[in-house]
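Please see the structure below; I have some questions.
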Ligand SMILES: *Cc1c(COP(=O)(O)O)cnc(C)c1O
């Protein structure tokens, strides 16, 4: 019963088979190989547009380098105050942008509210020399609270940003889960709605270690190859990144994997919601479930060896609503999650509450 994170799972067997297949004979290093070229074309096809695509091994590299391409060192990057770029990347965005300022915005259920962005843009006017200059907005889809921005919500934020000359970055660590849940096309959820640069996550959904930075306007990517190399994220045996992304996207495999992950989360949320004293504050929109459970149920889960994170009061709108005998857990499913694991988790909690 491992619900600690989707990256606790291994890689999809199809991705591993592609790595073995790519292991034959020599190939030009540093990404000038046919597997990388094929993956770049596959990403452009997926987004129905000629994109500039750069494969990197981690999401932190994708986010930090993408943001660095959008802001000068004296720029402001607006994001949700619980954003991964804010809390979970050890200052990589600040480091790779050479010192840009991250400004965390509030918003219910992990999503930036347009009013908050509007107020922040007013608080960081262009031309005020004592302040960093508005440069980028980073939104996370699916969000850190497991929720989704609708297409209209993305468009509203992007319109506000663009009206102030601010570029839009999407942290898509769980992009596949969001696409499957929304039933949108990758183009609709990104450039057609105003996203300028995407961190196209794949590791949490089945690659070994491979993500892509996708620029919808290739002109904006002119320096990116140098940026990536300077950051130490240009893999000498680049074919293994290309092979991973190629297999991930081939025949809709990435969607199959995310469909499975989302279904397991829904099953988990439905089961837990039916237990006495249990609450699911954000509902289940993708592959994460935030569950508030009586502590007796959590104790039984811990004893049974279940894995998850104690999420404290993070993401809760009314933090006082968590009583001392309750605990909020973050539960994440992946393509590798089984029905048996989900049902055992629910049954263990149910047993403690009977
Ligand atoms: C996992 C995750 C990332 C990527 O993290 P890495 O560990 O660097 O690969 C980025 N953003 C979000 C929202 C994530 O959950």
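Where a number appears in this text, it was derived from the coordinates with a stated rule and is not lab data. Note that the coordinates shown come from a computational prediction; the quantities given were computed from them, not determined experimentally. Here the Cβ is made from the backbone with ideal geometry for all residues, glycine too, and neighbour counts use every protein chain on show.
For the chain, what does -39500 (n - 2.57) per DSSP helix run (n ≥ 4), summed and divided by total residues, give at 222 nm, in deg cm²/dmol to the nearest 500?
Values: 13 runs with 135 residues, N = 354.
Per the formula, -11500 deg cm²/dmol.
Relative contact order of region 1-116, please, whole-number percent, based on alpha carbon pairs below 8 angstrom and at least 6 residues apart.
Relative contact order comes out at 18 percent.
What FRET efficiency do you get for residue 321 and residue 217 if R0 is 41 Å and r is their Cβ-Cβ distance, rounded to the nearest 0.05? Please report the intermediate quantities before stating the final value.
Details: r = 44 Å, r/R0 = 1.07.
Between residue 321 and residue 217 the formula returns 0.40.
Let me know the shape class of region 260-353, please: from the alpha-carbon gyration tensor, a ≥ b ≥ c as square roots of the eigenvalues, rounded when a/c is under 1.5, otherwise prolate if a/b is greater than b/c, or oblate.
Note, shape of region 260-353 comes out oblate.
Okay, moving on. Please compute the length gained on full extension between residue 185 and residue 314, using 0.36 nm multiplied by the number of residues separating them and subtracting their Cα-Cα distance.
Roughly 43.4 nm would be gained on extension.
In addition: I'd like the FRET efficiency for residue 8 and residue 48, computed as 1/(1 + (r/R0)^6) with the beta carbon distance as r and R0 of 41 Å, rounded to 0.05.
Efficiency at R0 = 41 Å is approximately 0.80.
OK, next. Between residue 353 and residue 131, what is 0.36 nm times their sequence separation minus the Cα-Cα distance? Round to one decimal in nm. All intermediate terms of the calculation are to be shown ahead of the outcome.
Values: separation 222, 0.36 × 222 = 79.92 nm, distance 5.36 nm.
Here the answer is 74.6 nm.
Would you please put 77-90, 236-249 in order of how densely packed they are, using the mean number of other Cβ atoms within 10 angstrom per residue and starting with the highest?
236-249, 77-90
Measure out, as a whole number of angstrom, how far apart the alpha-carbon centroids of region 257-289 and region 50-105 sit.
30
Separate question: Based on the Cβ-Cβ distance of residue 159 and residue 32, what FRET efficiency does E = 1/(1 + (r/R0)^6) give at R0 = 22 Å, to the nearest 0.05?
With R0 = 22 Å, the Cβ-Cβ based efficiency is 0.05.
State, to one decimal in nm, how far the label point of residue 229 lies from the label point of residue 87, with both points 7 Å from Cα in the Cβ direction.
3.8
Let me ask something additional. Provide the gained length on full extension for the span residue 307 to residue 23, in nm with one decimal, where the gain is 0.36 nm per separating residue minus the Cα-Cα distance.
98.7 nm is the gain from fully extending residue 307 to residue 23.
Turning to a different aspect of this structure: With a/c under 1.5 counting as rounded, go ahead and sort the chain into rounded, prolate or oblate using the C-alpha gyration tensor (a ≥ b ≥ c being the square roots of the eigenvalues; past the cut-off, prolate if a/b is larger than b/c, else oblate).
oblate
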